[in-house]
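Okay, structure first, notes after.
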Amino acid sequence: MRTRLNDVLSHLKSENITLAKGDYLFDQGDQVVSFHYVTSGKIKLTRNTIEGSQALIYVALSGETLAEASLFFDQYHCSAVADLESEIVAYRKSTLLAHLEQHPAAMKDFLKLFAGQVRDLRAINEIKNIRAAKERILAFIRHAMNEHQELYLEMSLKDVAYQIGLAHETFYRELKKLEQAKLLIRHDGYIKLL
């Protein structure tokens, strides 16, 4: 996603933000000033409930945007806090929206990014419903691989495990079994189905 986002937003100035674990990027109710992209780390999005507790609504990992709907609202509907040290790229909301209004091709590309995110989230939700860990892992690889049955990971294996709803120990163990059964080969950040 990073390359595609850079293609769409390459003309815009951006700000790099470094967050330590526990730092807030923004708080629920803050004025929306920027659109954010996670280059590394993990950002939890939480919402204050009517009962006064906090509900986890999403975890944005490296390579993902967050709180996208906020582009069209004045205030953030959630809070964003770093779950570990994170690097963020921020684009000013007003500049981004003006650029998209003036450049229909960029607007179309931006909409494609969001449509792809929606598609991927729906696929991940389907994958999470697969009971067997082995089948869940294979379904994820098949969904994310290219036409050569290769998958180049933009996130850590631990983040992949989290994304598909497996304990990372279970994920590593099942991945090793798949390798031993010669169903896939794996190197740093690379998986190929055989």
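The set of residues from segment 123-179 being within 14 Å of the chain's Cα centre (by Cα) and among the basic types (K, R) comprises just one member, K158.
For L84, the criteria (1) among the hydrophobic types (A, V, I, L, M, F, W, C); (2) assigned to a helix (DSSP H, G or I); (3) exposed (fewer than 14 other Cβ atoms within 10 Å of the Cβ) hold in every case but one, which is (2). Against the list (1) at pLDDT 90 or above; (2) in contact with a strand residue (DSSP E or B) (Cβ under 6 Å, 6 or more places away or on another chain); (3) not polar (S, T, N, Q), the condition D159 fails is (1). Within segment 42-57, residues that are small (G, A, S) reach partners that are at pLDDT 90 or above and surrounded by 10 or more Cβ atoms within 10 Å (Cβ to Cβ) with beta carbons closer than 7 Å, at six or more positions or on different chains, in the pairs A55/T46; A55/R47.
Residues of segment 175-193 being without any contact (Cβ under 8 Å) to a residue 24 or more places away in the chain and more than 19 Å from L61 (Cβ to Cβ), which ones?
Here is the first cut: in segment 175-193, the ones without any contact (Cβ under 8 Å) to a residue 24 or more places away in the chain are 176, 179-182, 185-188.
Within segment 175-193, K176, E179, Q180, A181, K182, I185, R186, H187 meet the criteria.
Listed by first and then second residue, the pairs linking a residue in segment 100-129 that is free of Cβ contacts under 8 Å to residues at least 12 places away in the same chain to a residue that is part of a helix (DSSP H, G or I) and exposed (fewer than 11 other Cβ atoms within 10 Å of the Cβ), with Cβ atoms under 8 Å apart and 6 or more places separating them unless they lie on different chains, are M107/E101. The single condition from (1) open to solvent by 30 Å² or more (accessible area, probe 1.4 Å); (2) touching a Leu at 6+ places or on another chain (Cβ under 7 Å); (3) part of a helix (DSSP H, G or I) that F114 fails is (2). Please verify whether segment 44-55 includes one or more residues that are open to solvent by 30 Å² or more (accessible area, probe 1.4 Å) and within 26 Å of L153 (Cβ to Cβ). Yes, because at least one residue in segment 44-55 is open to solvent by 30 Å² or more (accessible area, probe 1.4 Å) and within 26 Å of L153 (Cβ to Cβ). In segment 48-59 there is no residue matching the filter, namely being in contact with a helix residue (DSSP H, G or I) (Cβ under 8 Å, 6 or more places away or on another chain) and within 21 Å of S10 (Cα to Cα). Scanning segment 131-174 for residues that are in contact with a helix residue (DSSP H, G or I) (Cβ under 8 Å, 6 or more places away or on another chain), without any contact (Cβ under 8 Å) to a residue 60 or more places away in the chain and part of a loop (DSSP other than H, G, I, E, B) yields L153, I164, G165, L166, A167. For segment 12-27, a tally of residues being surrounded by 12 or more Cβ atoms within 10 Å (Cβ to Cβ) and modelled with pLDDT under 95 returns 2.
The values are calculated or read from the model by the stated rules, or taken from the named source; none is laboratory data. Everything numeric here is computed off the predicted structure, so don't read it as measured data. Glycine gets a Cβ as well: all are built from the backbone with ideal geometry, and neighbour counts include every protein chain shown. Accessible surface areas use protein heavy atoms only, side chains included; no ligands, DNA or RNA. Shrake-Rupley method; radii C 1.70, N 1.55, O 1.52, S 1.80 Å.
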